[in-house]
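Chemist: So that we are looking at the same thing, I have put the structure below in structure tokens.
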Amino acid sequence: MKDALTIVHSKQIIMIMKYLMLFALTFVLNQLVHAQEQQFKTKFDDAIPVLSVGTFHMGFTSDATRTEFNPRDPKSIQEVHDLVSKFETFKPTVMMLEVLPEQQKNLQARYDAYLANPKMTFEHPSEIELLAFELGSRAGVKKVYGIDYAEGYNYNVYQELNVKVDSLTIPRYGKLVQQNEANYLKQLNRKPRVIDMFRVNNSAEYLDFLININADMLLYASSPAGQEGAEEAAKFYHRNLLMFSNVNKVPLHKNDRVFVLLGATHTAFFREWFLIGHQSINWKIP
């Protein structure tokens, strides 16, 4: 009987020791994780919330890719305004738009006119008037800022090369793009609405794709003696870098909440810089 009690007692001690070891291990791991979080802190405590949204161009655009959209169709306008209702929950106080800083006075004047009369019409409406101005009007935003930078690049440099080092990668990727589009439309099984296009434009996978198709794929466009594609891609990177530099010139206060509306490819670049930057956080689209 005594031996049996000794065995039971020993088992209890072993179980207690196991629990203590598990507790100690959990405590140590929690301390290590906490230490790592503190060590790799990258954001200011007073980081300003940013909602960076990628859009298709709703009016005239010189971009190589255009989206079918009638900016004067009441149904289309209503779809945009329904989307605005989602962004309205972010409660922005400042808006930054794809307009050159040199046109700042004109931009602010047009916005002020819209605030005074939200029913006004524009000769050439775009996402700026249909989406940004409407959002700002509802949210009580007073100031809008243009942060664009003008710099072109030759997106068609690959087609213009007489002799190509790599004549397979870009055409092959083009077929992949076409297949992705066909698969998406098949799954959707209807004509895409505005909300559909915004959901795609602002998904992480599609934003990465936009950088690839608009810039990085040009790294495969070169002649035996040149770096033609890389030189053109560098111009596009340069443009986006200077646009982001313009963001940092806008005067902001600690309680501001910033809404940024740009063509989706610019948003793709901004997404990375907002995510890793020390001043701002990327607020998710509702």
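The values are calculated or read from the model by the stated rules, or taken from the named source; none is laboratory data. As the structure is a prediction and not an experimental result, all values here were calculated from the model. Methodologically, a virtual Cβ is constructed for each residue, glycine included, from the backbone with ideal geometry; neighbour enumeration extends over all protein chains shown.
Chemist: Would you call VAL99 buried (at least 16 other Cβ atoms within 10 Å of the Cβ), part of a loop (DSSP other than H, G, I, E, B) and touching a helix residue (DSSP H, G or I) at 6+ places or on another chain (Cβ under 6 Å)?
Modeler: Numbers: buried (at least 16 other Cβ atoms within 10 Å of the Cβ): yes; part of a loop (DSSP other than H, G, I, E, B): yes; touching a helix residue (DSSP H, G or I) at 6+ places or on another chain (Cβ under 6 Å): yes.
Answer is yes for this residue.
Chemist: Hey, another quick one. Which numbered condition in (1) within 18 Å of MET197 (Cα to Cα); (2) in contact (Cβ under 8 Å) with a residue 60 or more places away in the chain; (3) among the β-branched types (Val, Ile, Thr) is the only one that THR93 fails?
Modeler: (1)
Chemist: Restricted to segment 153-212, and to residues that are over 23 Å from the mean Cα position of the chain (by Cα) and hydrophobic (A, V, I, L, M, F, W, C), which residue is farthest from GLU231 (Cα to Cα)?
Modeler: ALA182
Chemist: Related question: State all residues of segment 36-90 that are part of a loop (DSSP other than H, G, I, E, B), at pLDDT below 75 and over 23 Å from LEU210 (Cα atoms); if no residue qualifies, say none.
Modeler: Passing the criteria: only PHE40.
Chemist: Identify, please: which residue in segment 148-175 is in a helix (DSSP H, G or I) and touching a Phe, Trp or Tyr at 6+ places or on another chain (Cβ under 6 Å) and is, among those, farthest from MET243 (Cα to Cα)?
Modeler: Out of the qualifying residues, it is THR169.
Chemist: Taking only segment 247-275 into account, find how many residues are more than 13 Å from the chain's Cα centre (by Cα) and of a type outside the set (S, T, N, Q).
Modeler: Our first condition is that a residue be more than 13 Å from the chain's Cα centre (by Cα); within segment 247-275, this holds for 247-258.
Subsequent filtering for residues that are of a type outside the set (S, T, N, Q) retains 247, 249-254, 256-258.
Counting residues in segment 247-275 that are more than 13 Å from the chain's Cα centre (by Cα) and of a type outside the set (S, T, N, Q) gives 10.
Chemist: Okay, moving on. Test ARG239 against the stated conditions and say whether it is outside any strand (DSSP E or B), touching a strand residue (DSSP E or B) at 6+ places or on another chain (Cβ under 7 Å) and either charged (D, E, K, R) or in the same structural domain as VAL80 (by TED's automatic domain parsing) (or both).
Modeler: Values: outside any strand (DSSP E or B): yes; touching a strand residue (DSSP E or B) at 6+ places or on another chain (Cβ under 7 Å): no; either charged (D, E, K, R) or in the same structural domain as VAL80 (by TED's automatic domain parsing) (or both): yes.
Judged against the criteria, ARG239 is not a match.
Chemist: Being more than 27 Å from LYS235 (Cα to Cα), assigned by TED's automatic domain parsing to the domain that holds ARG257 and in contact with a Ser or Thr (Cβ under 7 Å, 6 or more places away or on another chain) narrows it down to one of LEU115, LEU135, LEU185, so name that one. Reasoning before the result, please.
Modeler: Details: LEU135 fails: in contact with a Ser or Thr (Cβ under 7 Å, 6 or more places away or on another chain); LEU185 fails: in contact with a Ser or Thr (Cβ under 7 Å, 6 or more places away or on another chain).
Exactly one residue qualifies, and that residue is LEU115.
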